[in-house]
Amino acid sequence: MSEQPKYRQLADALRRDIDNGAYPPGARLPSESELSARFDASRNTVRNGLKLLVSEGLVTSSQGLGYEVRSHEVFELNASRFENLTFPQNGDSYTTDVTNAGRRPHQSFRVEMKPAPEGVAERLKIEAGSKTVLRFCHRYVDDVPWSTQATYYPGWLTEQAPRLTEPGDIAEGTTRYLTDHGIEQVGYFDEIATRMPTPDEARLLEIGAGVPVLLWTRTGYSKDKRIRCTITTFRGDLNRMNYEIGDLSARNEDL
């Protein structure tokens, strides 16, 4: 079996250097000429190796500034507690979780009346194209784009919960607001997927080359109806999601 092309060998070596901390997050990699000397490789070979690391999302490149190890702090979201009203909240779930992690939340809103897209209509069991309220959030953690969230509510909900159509934030969160108006979410169905970002997603989330997005689709249920469909798009390099299922009391025991 033939050995890997030299540019891949170079990328593998630099990847190991990054993994073992020789080049920590935010560090600048050696120049192309220095890497050429280290690996006894041509400039084109060096560039191809560096482009591979860029495509993997490990490093970024800037005109005239060379290559830098991507610097980011991952945010961990507990998806089973998110929107669970039995846990203390300070505002909505997003604000509570980000603040409890010692980070700074910030978000902007857009509210529209929209025809239901086909996938949303299927999840809400309504006719495609029928009226929905779309509440769209662009969310940040420590001023870094974190996610976008598009939540669709069926039009019939607006009579019982008119604030859904008002622009801006619902400070206590829509799940708590709906519960206070007799529309309690008693369960949800989650779907998790990954893909590469669309151009709009890459722009809104400031995603570099080679970084995927994590799609989290949550359909919320009252006792007898489907009351909302939320599609959250996360930056794949800045987020990790976990769930708690069953009795985890042993997890807290001292080893």
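Between Lys223, Lys114, Lys131, the residue with the greatest mean-square fluctuation in the GNM of the chain (Cα pairs under 10 Å linked by springs) is Lys223. Once both labels are positioned 7 Å from their Cα atoms along Cα-to-Cβ, the gap between Arg103 and Phe189 label points is 3.0 nm. Counting lysine pairs in the chain whose alpha carbons fall under 28 angstrom apart, excluding pairs fewer than 8 residues apart on the same chain, gives 9.
In the range 133-210, a dipole from Cβ-located charges (positive for Lys and Arg, negative for Asp and Glu) runs towards its positive end, and of Leu178, Ala150, Met196 it is Met196 whose Cα lies farthest in that direction. Eigenvalues of the alpha-carbon gyration tensor of the chain, scaled by 5 and square-rooted, set the equivalent ellipsoid semi-axes at 43, 21, 17 angstrom, largest first. Taking 0.36 nm per residue of separation and subtracting the Cα-Cα distance, full extension of the segment from Asp40 to Lys125 would add 24.4 nm.
Percent of Cα pairs in the range 142-255 per distance bin of 10 Å, from zero to the largest separation: 11, 33, 30, 21, 4, 0.
The fraction of Cα-Cα pairs per 10 angstrom bin, counted from 0 for the range 56-189, comes to 10, 33, 32, 16, 7, 1 percent, rounded to whole percents. Here the convex hull built on the C-alpha positions of the range 1-125 has a volume of 261 cubic angstrom per residue. Ligands, DNA and RNA are left out, and with a 1.4 angstrom probe the accessible area of the chain is 56 Å² per residue.
Comparing Arg218, Arg110, Arg16 in a Gaussian network model of the chain where C-alpha atoms under 10 Å apart are linked, the largest mean-square fluctuation is found at Arg16.
Element breakdown for the chain at a 1.4 angstrom probe: carbon and sulfur atoms account for 48% of the accessible area.
The values are calculated or read from the model by the stated rules, or taken from the named source; none is laboratory data. Here the structure is a predicted model, which is why all the values come from computation and not from measurement. Virtual Cβ from ideal backbone geometry, glycine too; neighbours counted across all protein chains shown. SASA here: full protein model, heavy atoms, side chains in, ligands and nucleic acids out. Shrake-Rupley method; radii C 1.70, N 1.55, O 1.52, S 1.80 Å.
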